[in-house]
1. Would you pick out the residues in the stretch A:36-62 that are more than 9 Å from chain B (Cβ to nearest Cβ) and aliphatic (A, V, I, L, M)?
2. For the stretch B:61-75, how many residues are part of a strand (DSSP E or B) and either facing chain A (nearest Cβ under 8 Å) or farther than 23 Å from B:Glu134 by Cα (or both)?
3. Quick check on the stretch A:287-317: of everything there that is more than 22 Å from A:Phe276 (Cβ to Cβ) and of a type in the set (A, V, I, L, M), which residue is surrounded by the most Cβ atoms within 10 Å (Cβ to Cβ)?
4. Do you know which of the residues in the stretch B:267-294 that are of a type in the set (Val, Ile, Thr) and under 29 Å from the mean Cα position of the chain (by Cα) is nearest to A:Leu348 (Cα to Cα)?
5. How do the pairs read when you match residues in the stretch B:358-373 that are at positive phi with residues anywhere that are loosely packed, with under 14 Cβ neighbours inside 10 Å and modelled with pLDDT of 90 or more, using Cβ under 8 Å and keeping only pairs 6 or more apart or on different chains?
6. Going by what's in this entry, would A:Thr155 be described as within 26 Å of A:Gln352 (Cβ to Cβ) and in contact with a Leu (Cβ under 6 Å, 6 or more places away or on another chain)?
7. Among the numbered conditions (1) at pLDDT below 85; (2) out of contact with any Phe, Trp or Tyr (no Cβ under 6 Å at 6 or more places or on another chain); (3) not acidic (Asp, Glu), tell me where A:Arg327 comes up short.
8. Could you tell me how many of the residues in the stretch B:261-310 are closer than 19 Å to B:Lys249 by Cα, free of Cβ contacts under 8 Å to residues at least 12 places away in the same chain and not aliphatic (A, V, I, L, M)?
Amino acid sequence: MTVPPLTPNAGGAPALLSTFTPSLMPHATLEALLVGREELVTRLQAHVANSITSSARHNDLLIGTRGIGKTHLLTLLFHRIRATPELRPRCRIAWLKEEEWGISSFLDLLIRILKALAHGGASQEHALLLEAINQLYDTPPKSAVREAKALIKQTLNQQPLILLCENLDDIFAGLGVDGQKALRAWLQEEACTSICATATTLFAAISLRTSPCFGMFRVELLQEFSIEDARQLLMRAARLQGRADAADFLETGRGRARLRALHLLAGGNPRVYMIFSQFMTRESLEDLVQPIFKTLDDLTPYYQAKMKELSPQQRKLVEVLCDYRGRLPVKQAARLAHVTQQVASAQLGKLQNARHLVRSQKVGRESYYEIAEPLMRLCFEVKKHSEEPLRFFIGIAQTLYYRDELEAALERPALPPLELALISRVLRETSNEPLQDPKAIACLQAFEQARVVGDFIECLRAIEDLVAAAGQLPNPVLEATLRLALRLDGDDKALESELKAIFAKLVADGGIDSLVRVLIALAMQYSFSQFAQMAALNADLEVWAALPEPGHRAFSGHFLSWIAHANLRTGNDETAQKIALHMLRADELPCVAHGVLSVVAASRSQLLTASQHLKDAVATWQESTEADQFWSSPEMVTWVIATLAFTALRENSPDGLPGTCLRVFAGSAARTLALAVTTIEMARNAQSLGTAPAIAAWNHCLQIDPQFAKVGRLAAAVLAHTTGAAVEPLALSQEERALVEAVVAARPMPVRTTKFPKC
Amino acid sequence: MKINPGGELAPQDVVGRDELIVQLWRALERQSLVLTAERRMGKTRIIKKMALATLPDTLLRYRDLEQVGSLTELANLLYEDVAPALGEWTKAQMQLGRLASALGGAKLDKFTLPNFAPASWKAVLRAIFQALAESGKYQRVVFFWDEFPWLIEKIRAVEGARAAGELLDLLRAVRHEHPAIRFVLTGSIGHHHVLTALRAGGYNNPSFNDLAVIEVPPLSEPKATELAQALLDGEAVPHDPQAAGEIAKIASNIPFFIHLLVDRLVTTKSHADTATIHQARLSAFTNSQDPWNLRHFVERIPQYYGAANQALALGLLDIFASHEKPLGLGDVLDELAQLGIGAPATLQRERVRELQEKLAADHYLEATPDGKRQFRHGVLKAWWRFSRELG
């Protein structure tokens, strides 16, 4: 393949970057802007090459939302075929572009192919083909189809046809079932055509077994861009436009924080990145406002038509998701749409699977939904602010610009009136609180998402960007926090290196209070998976004891609760008890302190004391703030409940305290875990305690939460094992059998070494 | 070899079908054939490979009949297929010439197609077959007609059950009158479904009983493994030594699924081992887009067996999916009774037997040598268990 040289535009004219029509861009620009899909293009190219050099014919279909980059890939493929000397003279290419409207029959399709061939042919062939096409219009349709097929065959002259098609879903809809059958027959009989096509969704005409063209295409679902993909894209675009400064900025913490905010806006859609990246690089905002309005205005009828196809409930949910920039759990979407969770869940499922208007991501056990096409959200956002169009841009500017940048912009001489008004309003309406800045919020969200999935490197990057975005707020506890974090996983060299770099930077810059919180969250995350460093952790107690007071009260409470819990989990009851008592004296997270003390008491068979502490734990937990409840952590709460359940069981009161606890925590994230642990504990100790109370307790749990059936089944299997009953009726999988056997083998097990099952 | 699920394969890439093709040629010496199998089992690949064979004194013609909308169109297509191959003018050709209303039809490369009058389709078809027989150029003519049931269904819908029945009768007569002319008919919907629809329209002739029905099976285990190995090598997928065998096994030796599994391993950049291969299949099962379109096997049940039989058919398949070993009719009846599905015991036995036979004809079940039944394909059984939450 011969790729034309790319002219970096330093000093020269900026490259043409077309946001909506990549087919207008030259080959070199398209290559330069290819991000994250290099392997895919290579694979498509290999398929085309195989189709050209053998009698095999590949059909590929790229699926993705508007603006995801389908046309970019198809255009690039077109250029690569033409630029490869071994391929170009051995095939004919017909490219049916986006604007090929009005295909309503197989004959229409054949004529479009002929026109595309004429367009790409030599001038003499071009004229002859156009004349032949013209004659087809005077021929009866049935005969015209046969003649068109013969004409294509003649034009190809034994060479394969590479058919590039955009919006194949629309073309198939136009063809109808009869047209699709004719197309399939043509492809099968002539075996001369290889198709590479695009569509916005996977459509029935190729995915249903009853459709003529079922299974004929190799389907490739194009994924949204990650932040790193977006950064690469914008850096390359900036360099192509001769804006090396803009590209360099994206490598700074402030630049990355801005990108994180843009990522929330763009939802991984490359076209939206490109639209709004112009804000970051253009000198004048005024020049951008009208084109962006027009762009979104042009798209609005398309999305309005999609909305009309929906039921009222579905429309409501789409509106809710449009209003909310980001992902919403079902529960919250249901609340905002005033429907039940069941209705929301069912309708969101339909919107995802049948309409392809929303997409979901599982974070932990919860599914989060968002609008699949960010452009749709933006169109409706503009429409919503139609009485005050500037409102939309104020939101965008608040998202993308830093306060100091806007203040500097105000100083520019001869500022256009619209721009002056816009900047003034943005400044007036933007909070001075650094952590309220959309870029800081984006960093915190990124941190939280990374923390949930255990991507600690990304956690730390997010923290670093947060510090850069939110400014420099000194905090003396940072050093100790980081030192602690470093000790938690001595084997992870990459993490250690990252931590050290960030540590150095934070020490130099100072820090912010919220940073402490996120770092503790990070450390806690480690503590639940790795308890090997307890000695080091306890040594750090001295560091924490020396922390300045007051000012970091909440912070030290969280640390203490975490370290007490870690001691408890590793059997250091005495240390755990000391810490918990210290916490009570200092009024630091009393709910956690009582929980720890209840576990210690239960393990010493001081059942009355244990019960009393748990009651106090529950009472204080209910009184504590939401943030403190968060820091108590579901696992901690669950463990406490399990301990009490066990205690109650030993007191022959299976329906007493556990039930109370479960009701108290109903709806919390801890609930299912609590149920699981409680039941497993009861089942495991059934032999010594008698199966009847265990079964009664399990039934009670099931009444509270029927979804508990899976864990309950495991518990029943353990019970069956201990009582010698048959396990076969439960039809356990191999994995489940192994788990049950392990549980039985481990019995009896002290409560404090309980391992939490994954639910 | 490159992955190419659903695309056109080079003849040399049609792996593992040579023995079947030899068997089909041998069967064609005796009579015409019906090839049956679910979609994407490879029927079209097989007959296209056969149609590309070079045999002395033999004319081979492949057609996809799904495109045909009327009997006249069929006549035109057939004429288009045989006209260039016909030799000197014969009596039958002169008859054809008289049937052509005018030489004003489609202009093809070397000749202009005639316009046959719609009413003359039967005479045209007879004349074409007669002309072929009279030409003396070929000792054997084989028409490979793909998606034949769809043609009959279309004719029934557009021109009525009687016209569709007349076509079947005519083709049967041709097979008797001209032993040199053979047909290989394929279809992704069973011919029995088409006949059922025609019977409802009053057609009861035995139109297929002179044809040998041959099911296109999955590949043999060694050939399926060979295909998987060729794809792993062709796509440079790093793999364990037993990976190809594992892919073949969990794809039930079905080539289409083998292509899709390797494709998934390529796109996820996986090292192919037992875990990643099973993960690849599981991802197809769990994908809400249902990329293997397996839901179809549940969704078509009311259409195939009627709403009245839906619960029973689902119950039967649930039972077969839940058992590792084949089941006899008695076992099935016992399980149905436990599930509380179906009619009173006196009626149940025949109804279940009949439905089991239909499920076998539609490739859900197969008979074992001891007269019991089991799921036909392991991959479908695995999906059934997964999707119906059978544990």
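1. Of everything in the stretch A:36-62, those that are more than 9 Å from chain B (Cβ to nearest Cβ) and aliphatic (A, V, I, L, M) turn out to be A:Val41, A:Leu44, A:Val48, A:Ala49, A:Ile52, A:Leu61, A:Leu62.
2. Number satisfying all stated conditions: 3.
3. Here the residue is A:Leu317.
4. Just the residues of the stretch B:267-294 that are of a type in the set (Val, Ile, Thr), to begin with: B:267-268, B:274, B:276-277, B:286.
Okay, now just the ones that are also under 29 Å from the mean Cα position of the chain (by Cα), so B:277, B:286.
Details: B:Ile277: 31, B:Thr286: 17 Å.
My answer is B:Thr286.
5. B:Gly371/B:Gly328
6. Judged against the criteria, A:Thr155 is not a match.
7. Of the numbered conditions (1) at pLDDT below 85; (2) out of contact with any Phe, Trp or Tyr (no Cβ under 6 Å at 6 or more places or on another chain); (3) not acidic (Asp, Glu), the odd one out for A:Arg327 is (2).
8. Count: 2.
The values are calculated or read from the model by the stated rules, or taken from the named source; none is laboratory data. These figures come from a predicted structure and were not determined experimentally. Ideal geometry is used to build each Cβ from the backbone, glycine not excepted, and the neighbour counts take in all protein chains shown.
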